[in-house]
Amino acid sequence: MTDWERQLELWAARGLRRTLRPLAAAGPRVEREGRYLINLASNDYLGLSTDPRLVRAAQEALARWGVGAGASRLVSGDRRVHAALEAALADFKGTEAALVFTSGYAANVGVLAALAGPRDQIFADALNHASLNDGARLSRARLRYYRHRDLDHLEDLLKGPGPRRGGRRFIVTDAVFSMDADLAPLPALVELAERYEALLVVDDAHGSGVVGPEGRGTVHHFGLAGRVPVQVATLSKALGGQGGVVAGARALVEVLLHRARAFIYSTGIAPALAAAALEAVRLVRGPEGEARRARLRQHLARLKAELRAKGYRVLHEDPAPMLLVWVGAPGPALRLAAHLEARGVLAPAIRPPTVPEGTSRLRLAPMATHTEVEIERVIQAFPPAEEVGV
Ligand code: PMP
């Protein structure tokens, strides 16, 4: 047996082996191995990934510009649709400018590695997304984690020795923590950042499109427009497509053009994806977006109340667009996910290393495009909590 095979067996024995399992369709109803499943396993919260208007925008862009951008944007990969999208995203986020990356992951790694360096200090929420952690490490700044959402702990760290001469401080956080369905305390983080002269970087991957007025995100939900200097978002979740964005001052975006290696040394985002995202921003900000957000809120409230009535511990803070059903050990989490799948519901078990040991859970992300009947079927598919042993 090779080392790799041994490693795979160890993971399998601990309920941690991962496999790819293709779906035969996309959207709120999917198909796997000939069976129809209600899809609660996506981040396509508003159901835009299969929306005909986005598909048409992408098709028109494909016909006009072809499949790939052909080069880095700084070389010959830049198209007018990129600039149009960046202007729309800057307006959406309330900033002077924006820069689009090929994914949210690339945006986070790119922005942190570009802005922070070995003289700097980064203070990061302990539950931040892997891409923020990877960017922070790549920057070679001194990285300190504060306990999840613990402002006293963060302030204690900020009171400690400052950065080396010429260095600066960063506070880095997810806006919505997607595996806990809770929100960063952004108003207090803004104040701490201002008081301790730290640059606040907020990744609103899960809030953009679904949270706040016009879906503009968590920063707007808290009325903090203009007070978060670096906003990151993804085009890959509520906006239905693929890509990432950093929004902020024009000078920030220009610095990223010179320093963000994930932007400079990577082919520009496909023009068709940029065109789809441009259409998504338009829809999300209008009455259609409002109606979809309202339906999503209804589904979340119903699932939360009914699953709690069945005895489950459900994690969810409004207005986060997902729910977590607490299980604990990975084995029972997998068994509950399999039980649901056998009853036509696709909801993934979230296990270590995505979450800490002993905190496995099921993640439910209803979509605005689910029907009430489907939400009812989801509720019916859950056995009473005591049968699952949670
Ligand atoms: N930030 C957060 C908080 C995320 O959850 C994710 C996706 N899982 C990303 C960034 C990465 O975004 P993308 O999928 O567009 O690479």
**Study point:** Selection from the stretch 41-66 of residues that are outside any helix (DSSP H, G or I), crowded, with 19+ Cβ neighbours inside 10 Å and of a type outside the set (S, T, N, Q)
**Key:** ALA41, ASP44, TYR45, LEU46, GLY47, ASP51
Check your understanding: Got a number for residues in the stretch 222-237 being in a loop (DSSP other than H, G, I, E, B) and away from the ligand (no atom under 11 Å from the Cβ)?
Key -> 8
**Study point:** Top-ranked residue of the stretch 366-389 - restricted to ones that are surrounded by 19 or more Cβ atoms within 10 Å (Cβ to Cβ) and touching a strand residue (DSSP E or B) at 6+ places or on another chain (Cβ under 6 Å), ranked as farthest from VAL327 (Cα to Cα)
**Key:** GLU374
Revision key, fill the gap. For ASP180, the lone unmet condition from (1) surrounded by fewer than 24 Cβ atoms within 10 Å (Cβ to Cβ); (2) in a loop (DSSP other than H, G, I, E, B); (3) at pLDDT 95 or above; (4) more than 13 Å from the ligand (Cβ to nearest atom) is (4)
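Is it the case that ALA193 is over 21 Å from the mean Cα position of the chain (by Cα), at pLDDT 95 or above and under 24 Å from GLY223 (Cα atoms)? Steps first, please.
Values: over 21 Å from the mean Cα position of the chain (by Cα): yes; at pLDDT 95 or above: yes; under 24 Å from GLY223 (Cα atoms): yes.
So ALA193 fits the description; yes.
Which of the residues spanning the stretch 364-390 are in a loop (DSSP other than H, G, I, E, B) and farther than 14 Å from LYS310 by Cβ? Show your work before the answer.
Here is the first cut: in the stretch 364-390, the ones in a loop (DSSP other than H, G, I, E, B) are 366-371, 382-384, 389-390.
Listed by number, the residues that qualify are PRO366, MET367, ALA368, THR369, HIS370, THR371.
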Study note, to complete from the structure: Exception for ARG361 within (1) touching a Phe, Trp or Tyr at 6+ places or on another chain (Cβ under 7 Å); (2) closer than 28 Å to SER131 by Cβ; (3) in a loop (DSSP other than H, G, I, E, B) falls at (3)
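Table: residues versus (1) under 18 Å from ARG17 (Cβ atoms); (2) crowded, with 17+ Cβ neighbours inside 10 Å; (3) at pLDDT below 95.
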residue	(1), (2), (3)
LEU315	no, yes, no
LEU323	no, yes, no
VAL327	yes, yes, no
GLY344	no, no, no
Review point. So is LEU192 away from the ligand (no atom under 16 Å from the Cβ) and part of a strand (DSSP E or B) or not?
Key: no
Check your understanding: Within the set of pairs 6 or more residues apart or between chains, which connect a residue that is closer than 17 Å to ARG216 by Cβ inside the stretch 231-255 to a residue that is among the β-branched types (Val, Ile, Thr) and more than 16 Å from the ligand (Cβ to nearest atom) with Cβ atoms less than 6 Å apart?
Key -> ALA247/THR95; GLY248/THR95
Review point. Does the stretch 183-198 hold any residues that are farther than 30 Å from ALA365 by Cβ and exposed (fewer than 13 other Cβ atoms within 10 Å of the Cβ), and which are they?
Key: GLU194, ARG195, GLU197
Review point. Any chance the stretch 310-322 includes a residue that's within 21 Å of PRO383 (Cβ to Cβ) and not in a loop (DSSP other than H, G, I, E, B)?
Key: yes
Study note, to complete from the structure: Residue pairs qualifying under the 7 Å Cβ cut-off, at least six apart or on distinct chains, with the first in the stretch 34-48 being of a type outside the set (Ser, Thr, Tyr) and the second being within 16 Å of the ligand (Cβ to nearest atom) and in a strand (DSSP E or B), are LEU40/LEU364; LEU40/ALA365; ALA41/ALA365; ASN43/ALA365
Review point. Residues GLU96, GLU86: which one is closer than 15 Å to GLN242 by Cα, in contact with a strand residue (DSSP E or B) (Cβ under 8 Å, 6 or more places away or on another chain), of a type in the set (D, E, K, R) and in contact (Cβ under 8 Å) with a residue 40 or more places away in the chain?
Key: GLU86
Point to revise | Residue identified as among the aliphatic types (A, V, I, L, M), part of a loop (DSSP other than H, G, I, E, B) and farther than 21 Å from LEU239 by Cα among ALA12, ALA69, ALA24 | key: ALA24
Exercise for review: Output the residue which, of all residues in the stretch 238-247 that are on the phi < 0 side of the Ramachandran plot and surrounded by 24 or more Cβ atoms within 10 Å (Cβ to Cβ), is nearest to the ligand (Cβ to nearest atom).
Suggested key: GLY244
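The values are calculated or read from the model by the stated rules, or taken from the named source; none is laboratory data. Only a predicted model underlies this, so the values are computations on that prediction, with no experimental measurement involved. Glycine also receives a Cβ, built like all others from the backbone with ideal geometry; neighbour counts cover every protein chain displayed.
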